[in-house]
Structure formats: C-alpha cells, structure tokens
C-alpha cells in the first residue's frame, strides 16, 4: 500500500502527460526511420504545392522583372550584352537557367520562379542527409522543415539566384561530408567541385561559401596532422568560373560607388533578424518546453541515443558555425572589398542555424525524441505561418487599387510619371491596355545621387532600356517637352519597409526636384499611402 502511495506521489498529471507524449515521440522516431523516403516524398509534395501557390500568384517586383526581361533577350548573346552594362550583378548561367525554365513551362510567374523553388527544396533535402547521418531521420526532418520556416522561405518563390545558392551551398556541404569519410571518393569530390562552381555561377557572393568549408578543412587537417590535398584541389578548381566572368564583374564594379545599399556593422544584427524570422519565437518555445521536461524529472533512457546521437566531429561543427557566422564574414568583405551589401547576400546563414538546431535537439535531455518532435512540430507551424502571411492575391487584384487612383481623376489623357523605379516596373508591366502606354519613369542618375545619395537604380534602368520595353525617359529632356503630367507617389517609397520586411532607402527624388525647380504640384487624389499629383510648369 505504501509503495502505491509513493508511486502516485511521483506521478502527478504533468509527469503522466510527459510519459504519454514520450510514447508518441518514440513512435514518430521509429516512423521517420522506417519510412524516411515516403515521408520525404510527402514533405516535398506539401512544400511544392504550397510554394507553387505563392509563386504563381505573387506579382513580380523590380528585381524579378530584371530577371524576367534579361532572360527573354532575343539570344544568349543578348543576355551577355545586358550583363556587360553592369546594371544587374548576377552571373550569366543564372539567366540561362531561367530562360530554359520559361521555354519549358511557358512565360509565367511560376515558371520564372521554378529554379529557386527547386533550389530551396534541394537545400532542405541536403540538410536532411547531413543531419540524419549524425543522428536520425527525425532530426533530419527537423533541419529540413526548420529551414523552410526561416528567411529561405521568401526566396523559394523569388526569381533571383539566392535559392539556387542555398541549394549548391548545402550540396557542397553534403559532398564534403561524404568525401571526408568514404574510401572511394571520386564521386563526392566531383560533387564538391561541381556544387561550388554552380554556386558561383548563380551569384558572385557565393564565393563566401568557400569560407566555412575552408575553415572546417583546416580544423580537419589539424586533427589528422596532414592535409587532404584532393579536397583543396576540388575547392580551388571550383573558383575557375570567376575567370570567365571577369568582364562582367569589372562592369558590375562600376556600380559600387553609388550603390543603394552600403554595408555597415549595423548590417550584421539586421541580417540575423531578417533571415531567421520566425525562428527566434520557435526556439524560445523549444527552450520553455525543454525546461518543462527538466522540471518534470521524468527519467528517460533511450538505448538508441548513443547510436543516433554519436559524437559530431569538430570539423563538421566548424562548417555549421562558419555558416552561422556568415553575416559577419559577408559584411566584413562588403566593407573592405565590394562596397555593397543587402541581407539576402548572407542567406546561407540559415543552413548553419538549421543544422545546429537539429543536432542540438538530438543531444539535449539524453537524446529523448520528445524534444525533437516538439521542434519538428514548431517548424511545421513556422512554415504554415509564413505561407499564410505571404499568401497574395493575383497580380491584377493586388495592383487594382493602384490603377483605380489613376483612373479616378479627369485628366485621362495625361502621362503618369511614377516617382520610384520599383513601383514603375510593376505598374507598367501589369497595367491594362488603356494604362500601359501612359506610365513613364524619369531617370536621372545625377539628381538621384544629389537627393538620395545613390544612383545605381536610375543608372541601371537607363542602361537596360533596350531590354525592358518600357517607357523610360531621361528626366531633363522629358520635362522640357511636357508642360503637364500626373505624378504617382507611393508613400512606402519615401523611405521605409519595401520588400520582405527589409527597410530600404528612399527611392523618390523627383518630388524634391520638381518643387526645387519651380514646378507646381496640385494634389488630385489620395488613397491610403498613394498620392496622385497634377504637375504643371509655372
């Protein structure tokens, strides 16, 4: 009788609940191990279905329209010529790949974004194998789905090369891991060379992907007391694409002086904040849950823990920590060499964070599966939350309120000058026939630099006029010939949030210039943060 009482005193409701959850977590651990391919297929299906909805409905924004028009140049030499202007600083193969996708699946938003959609998925699959190799399939899924709930989510349906860089960076990590262990190494060494070279063919900042692997290989060489020359040769050979791109890189460097996004040490915390959302919330909940388990004092010993959570080699931890430090590395290089930086250049940061979260979950609290199940559950919730928040309407519906304000004034015969290049590109591309010919952008790099401190946006849009097929005019000649026009100003582009939550610079210089040079601005319509002026020469 006394034994029963003692037992009941040690089994309060909380303890019983934890034990009940432990049982389900162990079943999930077994399920992930026994049916890993089936579950990988299911996760992949959900990912592609959800991301395809976003990719097909989200209106293309300024940078994506650069991709859209350059990839559709009349010939491959036309793409090369566009890049030789230096206005868009991405490598030639990225546009060729996008061109193939448009050729296979038609000219539409989904096909334009398909390479990046596949890229982020491929990164998740690689992380699954990297983590599962040192723990179990459950934690492989933790790393994969945690990645989908970070800033990588935004770039899975954006027609810029950052999703591709993630894919090739994670593939190089997986190849390097295999090359450090296998006796027959020619295939992983080829994979290491090919994935690093492909990363450089996607974005020039991918050269920084070599840094975490290089640090890890130095750690491995120190531990082994000898250098693995085959790996260094594969990594060094992967730099060869840079030789081909030298002419384009030199042209792109001419844009560095007046670049719209200059690096600073403040860029480091901003980068972590933007790329890891909503990960901090998930990790806080995981810590709270781990604390509850610790307070409950429920003993749990898993015989598989010693096998599934075996010691992770120091050189593999070095790769993960190198990627976690990626913003520091990228900002330091930008400040000392390139002079240009935006947080998405450091997107590979999410690879290191995802792997460390999974490996840590596998080793905390004696390797109990319940903590891994909790992280997996929260990661799924993060992915769903980002998807729901990003779910847009169709481009026509999303922009209808912008077209409505233009139609609301009686001056239907006047051209409509759009104050900032981002809104101009989007409005002009999606405009109905009765409005498409009326939208104009007035570009002036000198005035942009005078009023805003940067000129690359206006320089770029002028240099790429032959490829854009839009009504882009030089400011001064246009104002000499047009005494009256409408001016559309979007309030967000006066300085503030503008894409994916990132705070951008002011992109509107024309209002200041018109008022300073004696033009009369009469407010004709206002709707929320949209302003429409009638501009008249005094």
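The values are calculated or read from the model by the stated rules, or taken from the named source; none is laboratory data. This is a predicted model, so every value here is computed, not measured. Neighbour counts run over all protein chains shown; Cβ positions are idealised from the backbone, glycine included.
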### Summary
Considering residues that are over 24 Å from the mean Cα position of the chain (by Cα), surrounded by fewer than 16 Cβ atoms within 10 Å (Cβ to Cβ) and at pLDDT below 90, the number found within the stretch 366-410 is 5
### Query
Any residue at all in the stretch 405-419 that is touching a residue at least 24 places away in the same chain (Cβ under 8 Å), part of a loop (DSSP other than H, G, I, E, B) and within 30 Å of residue 280 (Cβ to Cβ)?
no
### Message
Would you confirm, using the coordinates I've provided, whether residue 122 is surrounded by fewer than 23 Cβ atoms within 10 Å (Cβ to Cβ) and over 22 Å from the mean Cα position of the chain (by Cα)?
### Response
no
### Message
Against the condition closer than 20 Å to residue 127 by Cα, assigned to a helix (DSSP H, G or I) and out of contact with any strand residue (DSSP E or B) (no Cβ under 9 Å at 6 or more places or on another chain), how does residue 195 come out, does it pass?
### Response
yes
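Listed here are the residues, each with its yes/no results for (1) without any contact (Cβ under 8 Å) to a residue 60 or more places away in the chain; (2) farther than 30 Å from residue 63 by Cβ.
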residue: 332; (1), (2): yes, no
residue: 336; (1), (2): yes, no
residue: 342; (1), (2): no, no
residue: 348; (1), (2): no, no
residue: 352; (1), (2): no, no
residue: 374; (1), (2): no, yes
### Query
Which condition breaks for residue 297 when tested against (1) in contact with a helix residue (DSSP H, G or I) (Cβ under 7 Å, 6 or more places away or on another chain); (2) at pLDDT below 70; (3) surrounded by fewer than 17 Cβ atoms within 10 Å (Cβ to Cβ)?
(1)
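Yes or no, residue by residue, for (1) out of contact with any helix residue (DSSP H, G or I) (no Cβ under 8 Å at 6 or more places or on another chain); (2) modelled with pLDDT of 95 or more; (3) farther than 27 Å from residue 361 by Cβ:
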position	(1), (2), (3)
23	yes, no, no
27	yes, no, no
39	no, yes, no
47	no, yes, no
58	no, no, yes
### Message
As an exercise: evaluate residue 190 against (1) over 19 Å from the mean Cα position of the chain (by Cα); (2) assigned to a helix (DSSP H, G or I); (3) buried (at least 21 other Cβ atoms within 10 Å of the Cβ) and give the number of the one condition it does not meet.
### Response
(3)
